[in-house]
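For reference, the structure discussed in these notes is given below.
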Amino acid sequence: MSGTFVGMPAFPEAAREAVHDATLRGNLRHATHTIRAKRAKAVAEVPDWAALREAGKRIKDHTLRHLDRYLEQLEASVTAAGGTVHWAADAEEANRIVADLVKATGESEVVKVKSMATQEIGLNEALEAEGIRAYETDLAELIVQLGRDRPSHILVPAIHRNRGEIRDIFRREMGAWGRPAPDGLTDTPAELAEAARLHLREKFLRAKVGISGANFMVAETGTLVVVESEGNGRMCLTLPETLISVVGIEKIVPTWRDLEVFLQTLPRSSTAERMNPYTSMWTGTTDGDGPRAFHLVLLDNGRTDTLADEVGRQALRCIRCSACLNVCPVYERAGGHAYGSVYPGPIGAILSPQLRGTGSEIDASLPYASSLCGACYEVCPVAIDIPEVLVHLRERVVEGGQATSRGDKVVLKPAKGHAAERAAMRAARWAFSRPGALRTGQRIASRTRRLHPRTLPGPGRAWSGTRDLPAVPAEPFRDWWQRTNGGKDGAK
């Protein structure tokens, strides 16, 4: 993997480079428009979609309010079913637990189901440092891994690649990782899929250890659920002798009845399918069926800190469908890499700064990676009000204030580079609280509008450098209202 997420430039700088890549923009435009059109059609088939959306929201909110109780219930259920539960406070602890579990088996290779949580903690790199090689088996993740790339989409990690690029990656890199690409490989989807199938089959049959995440965990039975479209997950979850699942603590649902809601909303919101082709569920271990040892690593890594934020905690409802990415005009033009996180797009802009904090330049910039158009909220199957959280986090970046870090209450300092924004907001607050001053300022602005510059001077250049400065009307609305009797005199 080339480069890392943390330490990347701030979003505006990374996006500025991305929008000049014509191939990238073409790939993103074609893919996102196709996915969102199919999703809209699939959702329209369900007459009670609004009720399902509300049910998903309420289930998630209830679970988060009682997360401690349901996590303890889950641990008891998994243990009773023959599994072992491990608790990881952060990425370092989770990586250490997984590496120790793999080394205890004596193996030096693992196969992996696509997992956002393991990408979040950098598990592949941590295992490599311990002499353990991890093989991604999801087709898109395989493309990313072979290309020494980074994922740029939650659902389709290689969305920024076209078929020609994928063919070249397979031809060039497959031989170094295992079975080489067939001679004369073309860029037709069927041939590319067959090349990946042949390459991965030997790994599935050889691997003794599998690593996964989970889309959901059912507290009452200790059951884990993975939904996918290719069958690679089923192979990783059933063939190895040892299965290790790394799952964020927010992925829990209380009952099987609750799971029913999400198995309806997730496939339609993500892949625009009525039902996932492969829905794999496992509960502990069973003699003669599946892995003989199962380990569940429950990952915090900033989630309880996020839970402590009454506004920001709704980000933990996310079921990773990626619908918000596919409708976002910013993501469509900038791509996923610009966000500097395994969670790109609108959900990444609110989730990453909460999991990692806003101390770095990239994380402080993410709440601004949005036009606040609200399209993300409209398509979210669990009704996360992403624009509300974005504004909330912008306030935190600019003003600082109280937050929770590693379970402790702390006072954050305002981020650097926002002094002009703070001054502007304070001036606006002063003016809006004094009607007379606001009226006078509006009249002066209207009468001098021909003298206004097209861009702002000084620190204001950071704002007007990427936006058109709004034209000031010929007269303030108040004056127009009084002059026309609220429009009743027929004046326009």
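The values are calculated or read from the model by the stated rules, or taken from the named source; none is laboratory data. Fair warning: this is a prediction, and the values are worked out from it, not measured in the lab. Every residue, glycine among them, receives a Cβ derived from its backbone with ideal geometry; neighbour counts consider all protein chains shown. Note: areas computed on protein heavy atoms with side chains; ligands, DNA, RNA excluded. Shrake-Rupley method; radii C 1.70, N 1.55, O 1.52, S 1.80 Å.
In region 3-104, the portion of solvent-accessible area held by carbon and sulfur atoms comes to 54 percent [1.4 Å probe, whole percent, DNA, RNA and ligands not counted]. When the chain is described by a simple charge dipole with +1 on each Lys and Arg Cβ and -1 on each Asp and Glu Cβ, the residue from Ile166, Gly357, Met281 located farthest towards its positive end is Gly357. What pairs in Lys38/Lys114; Lys103/Lys203; Lys57/Lys208; Lys114/Lys203; Lys251/Lys409 have C-alpha atoms more than 27 Å from each other? Violating the 27 Å Cα-Cα cut-off are Lys57/Lys208. Shown are Lys57, Lys488, Lys251, whose ranking by accessible area with a 1.4 Å probe and every protein chain present, most to least, is Lys488, Lys57, Lys251.
Over region 358-418, accessible surface divided per residue gives 51 Å², non-protein components excluded, 1.4 Å probe.
Rounded to the nearest 20, the Cβ-based charge dipole of region 111-232 about its Cα centre (Lys and Arg +1, Asp and Glu -1) stands at 280 debye. As a rough guide to protection, the peptides 241-248, 18-25 ranked by mean Cβ packing within 10 Å, highest first, stand as 241-248, 18-25. Scalar couplings 3J(HN,Hα) for region 109-119, obtained by applying the Karplus form with A = 6.51, B = -1.76, C = 1.60 to θ = phi - 60°, are 9, 9, 9, 10, 7, 3, 8, 5, 4, 6, 5 Hz; x denotes Gly and Pro. Think of the chain as a dipole: +1 on every Lys or Arg Cβ, -1 on every Asp or Glu Cβ, centred on the Cα centre; then among Asn485, Gly184, Ile132, Asn485 lies furthest on the positive end. Helix content alone sets the calculated 222 nm mean residue ellipticity of the chain: runs of n ≥ 4 DSSP H residues at -39500 (n - 2.57) each, divided across all residues, give -15000 deg cm²/dmol.
Each part reduced to its alpha carbon centroid, region 383-421 and region 35-49 end up 35 Å apart.
Which value, in Å² rounded to 10, gives the accessible area of Glu260 with a 1.4 Å probe and all protein chains present? Glu260 has an accessible surface of roughly 100 Å² with all protein chains in place.
In this structure the amide hydrogen of Asp90, modeled in the peptide plane, comes within under 5 Å of the amide hydrogens of Asp300, Asn301, none closer than 5 places in sequence on its chain. May I ask which residue of Leu299, Gly231, Val330 lies farthest towards the positive end of the charge dipole of the chain, with charges of +1 (Lys, Arg) and -1 (Asp, Glu) on Cβ and the Cα centre as origin? Going by the Cα projections, it comes out as Val330. To the nearest ten degrees, helix 189-206 and the longest principal axis of the Cα atoms of the chain are 50 degrees apart.
Quick one: helix 435-447 against the long Cα principal axis of the chain, what's the angle to the nearest 10°, folded into 0 to 90? For 435-447 against the chain, the angle is about 80 degrees. Go ahead and run the numbers for FRET between Leu456 and Ala308, Cβ-Cβ distance against an R0 of 35 Å, rounding to 0.05. E between Leu456 and Ala308, to the nearest 0.05, is 0.40. For Cys380, no residue whose modelled amide H falls within less than 5 Å of its own remains once neighbours fewer than 5 places apart on the same chain are excluded. Compared with the direct C-alpha span, the chain from Arg429 to Thr238 gains 62.7 nm at full extension, assuming 0.36 nm per residue. Here's how it looks for Phe216: its modeled amide H is under 5 Å from those of Val225, which are all 5 or more places away or on a different chain.
Legend note: in the chain, cysteines whose Cβ sits 4.7 Å or more from every other cysteine Cβ are Cys236, Cys318, Cys321, Cys328, Cys373, Cys380. Largest first, the residues Asp48, Asp68 sort by 1.4 Å accessible area into Asp68, Asp48. Counting only alpha carbon atoms, the long axis of helix 49-65 and the longest principal axis of the chain meet at about 80°.
Placing +1 on each Lys and Arg Cβ and -1 on each Asp and Glu Cβ, with no other charges, gives the chain a dipole about its Cα centre of roughly 2620 debye.
Working note: Karplus 6.51/-1.76/1.60 with θ = phi - 60° gives region 26-43 the couplings x, 4, 5, 4, 4, 5, 5, 5, 5, 5, 5, 5, 5, 4, 4, 5, 5, 5 Hz, where Gly and Pro are set to x. With R₀ set to 35 Å, the beta-carbon distance separating Thr84 from Glu125 gives a calculated FRET efficiency near 0.90.
Surface calculation, 1.4 Å probe, protein heavy atoms: Arg394 sits at approximately 50 Å² accessible. For region 237-293, the solvent-accessible area works out to 44 Å² per residue, with a probe of 1.4 Å and every protein chain left in place.
Packing-based ranking of 216-223, 308-315 yields 216-223, 308-315, ordered from highest to lowest mean Cβ neighbour count within 10 Å.
Look at the alpha carbon pairs under 8 Å that are at least 6 residues apart: their mean separation over the length of the chain gives a relative contact order of 19 percent.
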